[in-house]
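K.L.:
Take a look at this one; I'll ask things after.
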Amino acid sequence: MTNPISTVHDGDVLVVVSNNPPVNALGQAVRAGLQDAIAQGLADDSVKAIVIRCDGRTFFAGADITEFGKPPVGPNLPEVLDAIEASDKPVVAAIHGTALGGGCEVALACHYRVAVPSAKVGLPEVKLGLIPGAAGTQRLPRLVGAEAALPMVAIGNPISASKAKSIGLVDEIVGEDSLAADAIAFARGKVGQPIPRTSEGTANRDGVKNPAIFDEFRAKNGRKMRGFDAPNAAIEAVRLAGELPYSEGVKKERELFTKLMTGTQSAAMRHYFFAERAANKIDDVPGDTPLIPIAKVGVIGAGTMGGGIAMNFLSAGIPVTILEMQQEALDRGVGVIRKNYENTAKRGRMSAEQVEAAMGNLSTTLEYNDLADCDLVIEAVYENMDVKKEVFGKLDTVVKQGAILASNTSYLNVNEIAAATSRPGYVLGLHFFSPANIMKLLEIVRGAETRHDVLATAMKLSKKIGKVAVVAGVCHGFIGNRMLSPRQEQANALIMEGANYWEVDEVLLDFGFPMGPFQMADLAGIDIGWHRDPSKVTTLREALCAAGRFGQKNGKGFYDYDESRNRTPSDEVRALIAEFAAKSGTPQREISKDEIKERLLYPMVNEGAMILDEGMAQRASDIDVVWINGYGWPLYTGGPMFWADTVGLANVVSGLEKYGLPVCEYLRGKAERGERFNG
Ligand code: 3H9
């Protein structure tokens, strides 16, 4: 293998260049090359200063994650960085792209950092269930202070070059197109000056003077960090950076890092990292498939869903025309979109100009003909096959040939919808999740005849609008809703058998979901799809509606809600459930939390196995991506299929059998062979 690190002399400056596509990850060869290059610079008397920079799209984007979990091969990153910092010749990091994780730690070990305006710097290890492991938690607070370091280490979002400059992480912003030359000039200017070493910095004293910052940070970010191990370890490491001498702090960091690295949370989150990227790939659609240009989008329906869908494109600068049947519905929809944008602006996440730019790209119509020149039309009307067919039939007659026609159906057969047109190859499902402008997940539903370029275009477009997309086949409920249904069935059965509905919710909350099935029903509205006849009561849902318990919207559903939406279990609902249970003759018993958990989650795994067996998902990890992004499955367990692997498929099978629940042959076979879903 060729050495990814090369050196070139520019007068008295040695420039060390990494070329390790795609993201200059700090794999073994890079680490060894860096170590040698620094040694070369130190041994050469003609060299007075050193610049470290990267070729390609980015500065080092971190340790090579593919090496994690494998036996380590030296030199390790901390020792390479110690050698850089120990240099008695100034070393300058020249940053472009994203200096992340180990890459940011390289920069921290250098004596100076210069960056182009578009660069980003960050320590995202926490998103992989880790903390920085090459002294990042100890060097960063010593350079920028504990308060500025905390969000970087414990939340992990990268910061801009200008923000990095303002907190002292970057010394100078240089020309976007002259990084190499500017960094060399900067380095030359530092020759002969005392060398600042980050490990000797004193900015970390702020946390000692005001230890309350740690608790305040925890209190402010508690919800984001709930259930995750790494953020607490990150906060602890930053706190210790103020209390311990550097060498001891580094030892402590290593201890915390190693514990996390060998734990299941990090394994799950690393699985997710690669799962999200794998989901982008459509097995039989080549990566270089020509794309259909999407310059204008049509959306049918200005309701909650249609409006949310439109916002995705408007926010990405793509013009949208929304079609409705009535002017009032259009006006209401446009009003909601504007309000949403204005609220975002109020929270400081958008400027007034950006709001106007997005709204300026929005047009409305009552006429199908106005959609004729759209490159993509997404239908978000009532979930009814006949209505959808009618809409697609109309679209087929007016929208130009070569345009993509998409349905936002959550359950319906996309092939049947496609058959209502003369161009089924251009039809697919684009299943957005509510609220569609916020939720990350997009299920791309592939019809029997959907063309490769249509799929490839939808996948590319999903990235442009900030979605995480997964391809699903045509089946009832696709991947996500199909797996939700056995969970809901069990939730309903459990409360009839004697489990309290709030306990069922609690079990899922404890597992890490943001809410349980009954809280979800209250949020969505219990009266959705209700026939509105209070005298006709055959199900619990109908009984709740008949009792005027519609959910959060009117302050009572399964739970009673106060003005601040705090919930308490309701005696009325408990009595209704008991009545239904008695009528059906279901024997009542105590049900353990373990049983609740297993009966809710194991059937989902079984359904996931069937989805895989039928080829409705391309790979098990795609199912994990769907559930993490669309339904709040806790990231730190890796998604349902990865979680099942950690439970052991044989245990899942025996659990299902214990409760008399179905086990599909695919799952049984895998369990018998001792296999896993993921690798
Ligand atoms: C760390 O540094 C620990 C240290 O503190 C301690 C050490 C002791 N390794 O995302 P993309 C692959 S932890 C290996 O599609 P983008 C990726 O899988 C690390 N591979 O591009 C993909 O492969 P493929 C801390 C990596 O332009 C390809 O590169 N760092 C790594 O949308 C392109 O990636 C991070 O967590 C890696 N580190 O985004 C940063 N990174 O083409 C992780 C990427 O086969 N990386 N790949 O699917 C990122 O956030 C994004 O990749 C980045 C580029 C923003 C850099």
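The values are calculated or read from the model by the stated rules, or taken from the named source; none is laboratory data. Computed from a predicted model, the values in this text were never measured in an experiment. Here the Cβ is made from the backbone with ideal geometry for all residues, glycine too, and neighbour counts use every protein chain on show. All accessible areas refer to the heavy atoms of the entire protein, side chains included, with ligands and DNA or RNA removed. Shrake-Rupley method; radii C 1.70, N 1.55, O 1.52, S 1.80 Å.
K.L.:
Between 0 and 90 degrees, rounded to the nearest ten: what's the tilt of helix 327-346 against the longest Cα principal axis of the chain?
P.N.:
30 degrees
K.L.:
Taking all protein chains in place and a 1.4 Å probe, what share, in percent, of the accessible surface of the chain do carbon and sulfur account for?
P.N.:
52 percent
K.L.:
What's the local net charge at Tyr341, with K and R +1, D and E -1, over the other residues with C-beta under 15 Å away? Display every interim value, and only then the final one.
P.N.:
Values: positive: Arg338, Lys339, Lys346, Arg347, Arg349; negative: Glu342, Glu353, Glu356.
That sum, taken over residues with Cβ under 15 Å, equals +2.
K.L.:
Rounded to the nearest 500 deg cm²/dmol, what is the calculated helix-only ellipticity per residue at 222 nm for the chain, with -39500 (n - 2.57) per DSSP H run of length n ≥ 4?
P.N.:
-14500 deg cm²/dmol
K.L.:
Against the longest principal axis of the chain, how steep is helix 501-511, in degrees 0 to 90 to the nearest 10, with axes from Cα atoms?
P.N.:
20 degrees
K.L.:
Ok, one more. Would you give the gap between the C-alpha center of the range 34-70 and the C-alpha center of the range 524-546, rounded to a whole Å?
P.N.:
The range 34-70 and the range 524-546 have Cα centres separated by 66 Å.
K.L.:
Okay, next question. Against the longest alpha carbon principal axis of the chain, how many degrees, from 0 to 90 and to the nearest 10, is the axis of helix 620-630 turned?
P.N.:
The angle comes out near 80 degrees.
K.L.:
Projected onto the charge dipole of the chain (+1 at Lys/Arg Cβ, -1 at Asp/Glu Cβ, origin at the Cα centre), which of Gly360, Ala499, Leu484 gives the Cα projection farthest towards the positive end?
P.N.:
Comparing the listed Cα positions along the dipole, Gly360 ranks first.
K.L.:
On to the next question. Just subtract the alpha-carbon distance of Asp45 and Ala181 from 0.36 nm times their residue separation and send over the number in nm, one decimal.
P.N.:
In short, 46.8 nm is gained.
K.L.:
Going toward the positive end of the dipole of the chain, with +1 on Lys and Arg Cβ and -1 on Asp and Glu Cβ, which of Ala310, Ala406, Leu395 do you reach last?
P.N.:
Toward the positive end, the furthest listed residue is Ala310.
K.L.:
Need the C-alpha centroid separation for the range 138-208 versus the range 458-500, integer Å.
P.N.:
44 Å
K.L.:
Taking the range 525-628, which trypsin sites (Lys or Arg not before Pro) meet the DSSP loop condition and have no more than 15 other C-beta atoms within 10 Å?
P.N.:
When the trypsin sites (Lys or Arg not before Pro) of the range 525-628 are filtered for loop state and at most 15 Cβ neighbours within 10 Å, Arg532, Lys536, Arg565, Arg589 remain.
K.L.:
Heavy atoms of the protein only, probe of 1.4 Å, neighbouring chains included. What is the accessible area of His431 in Å², nearest 10?
P.N.:
Estimated to the nearest 10 Å², His431 gives 10 Å².
K.L.:
Using the Cα centre of the chain as origin and beta-carbon charges of +1 (Lys, Arg) and -1 (Asp, Glu), tell me which of Gln193, Ala295, Ala134 is placed farthest towards the positive end of the dipole.
P.N.:
In the chain, that residue is Gln193.
K.L.:
If you place +1 on the Cβ of every Lys and Arg, -1 on the Cβ of every Asp and Glu, and leave all else neutral, what size is the dipole of the chain about its Cα centre, to the nearest 20 Debye?
P.N.:
Dipole magnitude for the chain comes out near 660 debye.
K.L.:
Which value, in Å² rounded to 10, gives the accessible area of Phe432 with a 1.4 Å probe and all protein chains present?
P.N.:
10 Å²
K.L.:
Hey, another quick one. What spacing in nm lies between the two simple spin-label points modelled at Ser564 and Arg223, each 7 Å away from Cα in the Cβ direction?
P.N.:
It is 1.3 nm.
K.L.:
Right, here's the next one. Could you give the dipole magnitude of the range 499-649 about its Cα centre, charging the beta-carbon of Lys and Arg +1 and that of Asp and Glu -1, in debye to the nearest 20?
P.N.:
Roughly 420 debye, rounded to the nearest 20.
K.L.:
What FRET efficiency would be calculated for the residue pair Asn280, Asp571, taking the C-beta separation as r and a Förster radius of 60 Å, to the nearest 0.05?
P.N.:
Details: r = 50 Å, r/R0 = 0.83.
After rounding to 0.05, the efficiency reads 0.75.
K.L.:
Please state the shape class of the range 441-505: rounded when a/c is under 1.5, otherwise prolate if a/b exceeds b/c and oblate if not, all from the C-alpha gyration tensor.
P.N.:
Working: a/c = 8.68, a/b = 2.49, b/c = 3.49.
Cα axes put the range 441-505 in the oblate bin.
K.L.:
Let's see if you can work this out: charge +1 on each Lys and Arg Cβ, -1 on each Asp and Glu Cβ, no other charges. What is the dipole magnitude of the range 172-326 about its Cα centre, in debye to the nearest 20? Walk me through the numbers before you get to the answer.
P.N.:
Working: 19 positive and 19 negative charges, 107 e Å.
With Lys and Arg at +1 and Asp and Glu at -1, about 520 debye.
K.L.:
Between Ser592 and Lys70, take the C-beta separation as r, use R0 = 45 Å, and let me know the FRET efficiency to the nearest 0.05.
P.N.:
That pair, Ser592 with Lys70, gives E of 0.70.
K.L.:
Hey, could you get me the Stokes-Einstein D for the chain, Kirkwood radius over alpha-carbon pairs, 10 °C and 1.306 mPa s, rounded to whole µm² s⁻¹?
P.N.:
57 µm²/s
K.L.:
Continuing with this model, one more query. Local charge sum around Asn384 (other residues, Cβ-Cβ under 13 Å, Lys/Arg +1, Asp/Glu -1)? Can you show the working numbers first?
P.N.:
Values: positive: Lys388, Lys389; negative: Glu379, Glu383, Asp386, Glu390, Glu416.
Summing Lys/Arg as +1 and Asp/Glu as -1 gives -3.
K.L.:
Also: If you bin the C-alpha pair distances of the range 124-221 every 10 Å from 0, what whole percents do you get?
P.N.:
14, 37, 34, 12, 2
K.L.:
Between Thr264 and Leu509, what FRET efficiency follows from the Cβ-Cβ distance if R0 is 25 Å, with the result rounded to 0.05?
P.N.:
For R0 = 25 Å, the calculated efficiency reads 0.80.
K.L.:
So which trypsin sites (Lys or Arg not before Pro) in the range 334-381 pass both tests, a DSSP loop state and at most 11 other Cβ atoms within 10 Å of the Cβ?
P.N.:
Working: sites: Arg338, Lys339, Lys346, Arg347, Arg349; in loops: Arg347, Arg349.
Hits after loop and neighbour filter: Arg347, Arg349.
K.L.:
Something else now. Find the all-direction average of the projected area of the Cα convex hull for the range 155-197, expressing the result in square nanometres with one decimal place.
P.N.:
The number I arrive at for the range 155-197 is 4.2 nm².
K.L.:
Okay, moving on. Label the range 540-581 by shape, choosing from rounded, prolate and oblate, from the square roots a ≥ b ≥ c of the eigenvalues of the Cα gyration tensor; if a/c is under 1.5 it is rounded, and otherwise prolate applies when a/b is larger than b/c, oblate when it is not. The partial results should precede the final answer.
P.N.:
Working: a/c = 3.43, a/b = 1.66, b/c = 2.07.
It comes out oblate by the Cα gyration axes.
K.L.:
Compute from the Cα atoms of the range 282-406 the Rg and the Dmax, the latter being the longest Cα-Cα distance, and quote both in angstrom.
P.N.:
15.5, 45
K.L.:
Compute the accessible area per residue over the chain, keeping the other protein chains in place, probe 1.4 Å, unit Å².
P.N.:
Here the per-residue accessible area is 43 Å².
K.L.:
What number comes out for the charge environment of Leu455, summing +1 per Lys or Arg and -1 per Asp or Glu over other residues with Cβ under 13 Å away?
P.N.:
That works out to -1.
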